[in-house]
Amino acid sequence: MNNGGNDCQRISRRVALTGTALALGAAAIGTAVSQAAAQQKISQTDATYQAMPKGDRRCDRCINFQPPNACKFVQGDISPSGWCQLFSPKT
Ligand code: SF4
């Protein structure tokens, strides 16, 4: 009784399933890491944030501003009339 073909098929299926599981695990870890990286913000000090505008440059005219008082890249409360060196004007 020669069932070598069946063993090979079983092993191949196991290898394929294991590879798929590893790939899914790696993808999940990659997603978690990128989400953690995306959630990291720099301090107001490092961004040279100030609660006052700099000329006509102010947070509520910046693409990074998240109303009512947050920023994509800078930690803490952000005033709509504040400014930092990461300012990028809305177009
Ligand atoms: S100026 Fe700086 S603190 Fe203000 S919204 Fe833009 S990036 Fe954020």
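The values are calculated or read from the model by the stated rules, or taken from the named source; none is laboratory data. Fair warning: this is a prediction, and the values are worked out from it, not measured in the lab. Here the Cβ positions follow ideal geometry from the backbone for every residue, glycine too, while neighbour counts run over all protein chains shown.
Observations on the structure shown:
- Any hit, segment 8-25, residues being more than 10 Å from the ligand (Cβ to nearest atom) and either modelled with pLDDT of 95 or more or in a strand (DSSP E or B) (or both): no
- Test: residue in segment 77-86 that is under 24 Å from the mean Cα position of the chain (by Cα), in a strand (DSSP E or B), surrounded by 15 or more Cβ atoms within 10 Å (Cβ to Cβ) and modelled with pLDDT of 55 or more: yes
- Among the residues making up segment 57-77, those that are of a type in the set (S, T, N, Q) and touching a residue at least 24 places away in the same chain (Cβ under 8 Å) are Asn64, Gln75.
- Filtered by the rule that a residue be within 7 Å of the ligand (Cβ to nearest atom) and touching a Ser or Thr at 6+ places or on another chain (Cβ under 7 Å), segment 59-78 gives Cys59, Cys62, Asn64.
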